[in-house]
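Following: one structure in structure tokens, then a few remarks.
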Amino acid sequence: MRLAAGESARVVIELDARAFRYWSTRHGRWVAEPGEYGVHVGSSSRDLPLEQRVHLDLEVPPIPLTADSTLAEWLAHPRGQEIVAKATGEGPSFLTDPAGQPLIAQIPLATLLSMGASHTGQLPPSIDDLLRMADS
């Protein structure tokens, strides 16, 4: 649509979730996350008199698990919590104890497994085995 100088018209621009995607190095793909976004309209990046708030009600994309993923990332993953519980066996574990999790949540699971092995005297599950379980 072309407008003459001083002329105005109503314009509707439809945006779907794809318009809000960004390249995520953690996911290795384009992702859109839930939340509130501002869509700004104006004559330039320095002149944005119009703003519309848009709320995207999307599922949070799970972060792919790696050998460097923290305990918190494993527990937030759709299958991660179940895998960690299976890996630690039936008995109590410092990995699944809610009281201790805030202290260790940001430590990579591979590191925690090796710490648990030296503490219990048992061989820890292989982080590679756990990653295969998460990918299956």
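The values are calculated or read from the model by the stated rules, or taken from the named source; none is laboratory data. None of the values given here were measured: they were computed from a predicted structure. Note that we place each Cβ from the backbone using ideal geometry, even for glycine, and neighbour counts take in every protein chain shown.
Can you tell me which residue within segment 54-112, out of those that are acidic (Asp, Glu) and modelled with pLDDT under 80, is farthest from residue 134 (Cα to Cα)? If you could, list the steps in order and put the result at the bottom.
Keep residues of segment 54-112 that are acidic (Asp, Glu), which gives 57, 59, 68, 73, 82, 90, 97.
If we keep only those that are modelled with pLDDT under 80 as well, we get 90, 97.
Details: 90: 19, 97: 21 Å.
That would be 97.
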Selection count where residues are over 27 Å from residue 69 (Cα atoms), assigned to a loop (DSSP other than H, G, I, E, B) and touching a strand residue (DSSP E or B) at 6+ places or on another chain (Cβ under 8 Å), scope segment 1-44 = 2
If you scan segment 27-59, which residues turn out to be surrounded by 11 or more Cβ atoms within 10 Å (Cβ to Cβ) and among the aliphatic types (A, V, I, L, M)?
-> 31, 32, 39, 41, 48, 54, 56, 58
Some residue of segment 30-41 being touching a helix residue (DSSP H, G or I) at 6+ places or on another chain (Cβ under 7 Å) and within 30 Å of residue 8 (Cα to Cα) = yes
Subset of segment 45-69 [in contact with a helix residue (DSSP H, G or I) (Cβ under 9 Å, 6 or more places away or on another chain), aliphatic (A, V, I, L, M) and part of a loop (DSSP other than H, G, I, E, B)] = 58, 60, 63, 65, 67
